[in-house]
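The values are calculated or read from the model by the stated rules, or taken from the named source; none is laboratory data. None of the values given here were measured: they were computed from a predicted structure. With ideal geometry, Cβ positions are generated from the backbone for all residues, glycine too; neighbour counts draw on all protein chains shown. Please note that ligands, DNA and RNA were not included when accessible areas were found on the heavy atoms of the full protein model with its side chains. Shrake-Rupley method; radii C 1.70, N 1.55, O 1.52, S 1.80 Å.
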Amino acid sequence: MARFLPVVLVVGLLGGSAAAFAVTERLKLERSPIFATRVGKVVSCASGRRVKIDFRVRKADDLSVAVVDGNDHVVRALVPSHHVRPGPQELKWNGCHDSGSPVPDGIYRPRVHLAGEHRTILLPNPIVVDTKVPQISMTRTNLKVVSPDSDAIDDYLTVFFHTSEPARAVLYANGRKVVQLKSFNAHSLQWGKRNGMPSKPGIYRLWLRAIDQAGNRGPRTSTFKVQIRYIELGRNVIRTRAGGTINVRVSTDARFYYWRIGPRHGRVRTRRLTLAAGAPGRYQLVVSERGHKARALVVVSP
């Protein structure tokens, strides 16, 4: 009888291994009760934004959801246990504890518990909490004077910048947001007539700010300036004598411009306008390009 004991023991072990293998294989083939997971990648409690945690439940069950850290400690109980039907579950997390204080920077995961299935599932999608604000600095601009008159000459201001991490650059003009990039990896932005550059000539005070993928807003840069100009005369009042000349500088990037004084008018390309003064009197000199005008008073003395 003793010699049959090892045989019985081996057969028992083989039977147990086969049963365990069968259970394991069945679990592999069994469809997960949670599917179609979509989880946002990065969040910051300070930004006010929330990251999505979406998934679908295959069968009705009592469900609870929490966010856990790398040690499987719960940092936020998102949903207490309650009965749900099959279908989508759409949740959000703002990167904060239940108390509202920020969780430490790091990697977190949503954890789903299904009471009926007796299963706790850790979703594989990591959520990075990043509370560090991005830094941005303006390195240079392509122009100091912009003329958004659609003549393909100096129509756009290009601002080059550097950020401390992938972040969207935002450009402000006179305190108003005028450009916000979609890309987190750009190193320059353009501002022109097609994306909100005003048509009113003048000096505009600009600055940049960066917003990272977690929604953290960095500090603003130092102010830099740009001038919007179409056409300008070098003087508002031009004095000359009868028989002399009217001589004034014209600032424009147009290939040519028009001038008018009294009944006389013409078209020129030079950046210094020189005209005969004519008879004594007071006249208005008007120069124009593409509908934009500049004026000066001309006083011709005897």
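Of note:
- Accessible area of the chain divided out per residue, in Å², using a probe of 1.4 angstrom: 59
- Solvent-accessible surface (1.4 angstrom probe) belonging to Ile203, in square angstrom, nearest 10: 100
- P(r) tail, region 69-165: Cα-Cα pairs separated by more than 17 Å, 69% of all pairs.
- Simple point charges give the picture: +1 on the Cβ of Lys and Arg, -1 on the Cβ of Asp and Glu, and for region 147-302 a dipole about the Cα centre of about 600 debye.
- Rh by Kirkwood over Cα pairs, then Stokes-Einstein D for region 155-279 at 1.306 mPa s and 10 °C, µm²/s: 89
- Stokes-Einstein diffusion of region 195-247 at 25 °C, 0.890 mPa s viscosity, Kirkwood radius from Cα pairs, rounded to a whole number: 157 µm²/s.
- Gaussian network model of the chain, springs between alpha carbon atoms under 10 Å - residue of Ser188, Ser101, Ser47 with greatest fluctuation: Ser101
- 0 to 90° range, to nearest 10: angle between helix 5-29 axis and the chain longest Cα axis: 30
- For the chain, size of Cβ-based charge dipole, Lys and Arg +1, Asp and Glu -1, in debye: 2200
- Summarised as an ellipsoid, region 137-213 has semi-axes of 22, 12, 11 Å, derived from the eigenvalues of the Cα gyration tensor scaled by 5 and square-rooted, with the largest first.
- For Val178, residues with placed amide H under 5 Å, excluding near neighbours: Leu171, Tyr172, Ala173
- Given charges at Cβ of Lys, Arg, Asp, Glu: the chain dipole, positive-most of Trp93, Ala210, Val128: Ala210
- The antiparallel fraction among DSSP beta bridges confined to the chain stands at about 90%.
- Furthest towards positive pole of dipole, Ser288, Asn174, Ile238, structure part the chain, Cβ charges: Ile238
- Of every Cα-Cα pair in the chain, the percent that sits beyond 36 Å: 54
- Radius of gyration, Dmax [region 25-132; alpha carbons; angstrom]: 14.1, 46
- Student exercise, region 132-177 dipole from Lys, Arg, Asp, Glu Cβ charges, in Debye to nearest 20: 400
- Per atom type, the chain shows carbon and sulfur on 54% of its accessible surface, probed at 1.4 Å.
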